[in-house]
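The values are calculated or read from the model by the stated rules, or taken from the named source; none is laboratory data. Small disclaimer: the values here were computed from a predicted structure and weren't measured. Cβ: placed from backbone, ideal geometry, glycine included. Neighbour counts: every protein chain shown.
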Amino acid sequence: MLLIEKAGPVAVVTLNRPEAMNALSRQLRAELDRAIRALSADDSVSVVVLTGAGRAFTAGLDLKELGSAPDALGAANATGASENPVLAIAQCPKPVIGAINGVAITGGFELALACDVLIASTQARFADTHARVGIMPGWGLSQKLSRVIGVYRAKELSLTGNFLDARTAQAWGLVNRVVEPDELMPTAMKLAQDMASIPTDTLCLYKSIIDEGYALSLGEGLEVEHRRSSANNRAVTPDMVEKRRAGIQARGRSQG
């Protein structure tokens, strides 16, 4: 139901219910929470790549399960990470790259939005069908999507339930880049390895500063940056900077 593979400092987490379009059943949500907790605590892992098996990233909550269990709909407003996969991803202090291999629908769209960077296959499509199902989003989509692509485009998607193709998603700023299906994982892994070449504690700190400030006004965000940057930079010595400078120069030459 959930596959975990490690390639050096990169862990690949694959939602593995292809026969059900990787629908987020109660068991899968609990397994995702356990996996992210374990990878967060694993000092050998710096970056996580999240993807899906088969033709879907994930179709969201398991509608069959919702229709058969009287309390299953509570997952849409769950406040615990074992029930809410967006919170499971949010608890990860390390960068999470979403490799969107296929459709990301409703709760699956929300899970994609929980990632730090999105790389999409040309076969990826996004849709918010909450209104068509008759429930309201509870994992953040109604607020996050408008902040990413703008309120007018967000309303168009959410109030129609229409699909958004990968190329348009890139043009609207929803995904970082779009690649052919056979290039999806190599591209995501290359990006993950680039991130992992930076010390993990630095990655985690920078990610947390961005996330904390993004939830605030610009003025408040700048205060967050000043406070947390000052605390970190006081501990940085000239020798530490010099050691890293050589590495930056070598990397610049190799990428030139």
- Quick check: anything in the range 1-24 assigned to a loop (DSSP other than H, G, I, E, B) and within 17 Å of Ala192 (Cβ to Cβ)? yes
- Task: Quick one: which residue in Tyr206, Tyr214 is surrounded by fewer than 14 Cβ atoms within 10 Å (Cβ to Cβ) and within 22 Å of Ile89 (Cβ to Cβ)?
- Result: Tyr214
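Every residue, every condition in (1) within 24 Å of Leu141 (Cα to Cα); (2) of a type in the set (Gly, Ala, Ser); (3) at pLDDT 95 or above, yes or no:
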residue: Leu28; (1), (2), (3): yes, no, yes
residue: Ala56; (1), (2), (3): yes, yes, yes
residue: Ser68; (1), (2), (3): no, yes, no
residue: Asn77; (1), (2), (3): yes, no, no
residue: Glu83; (1), (2), (3): yes, no, no
- Note on the structure: Matching residues in the range 102-128 (in contact (Cβ under 8 Å) with a residue 40 or more places away in the chain and assigned to a loop (DSSP other than H, G, I, E, B)) number 7
- Message: For the range 137-182, give me each residue that is farther than 26 Å from Ala215 by Cβ and in contact (Cβ under 8 Å) with a residue 24 or more places away in the chain.
- Response: Gly161, Asn162, Phe163, Asp165, Ala166, Arg167, Val178, Val179, Glu180, Pro181
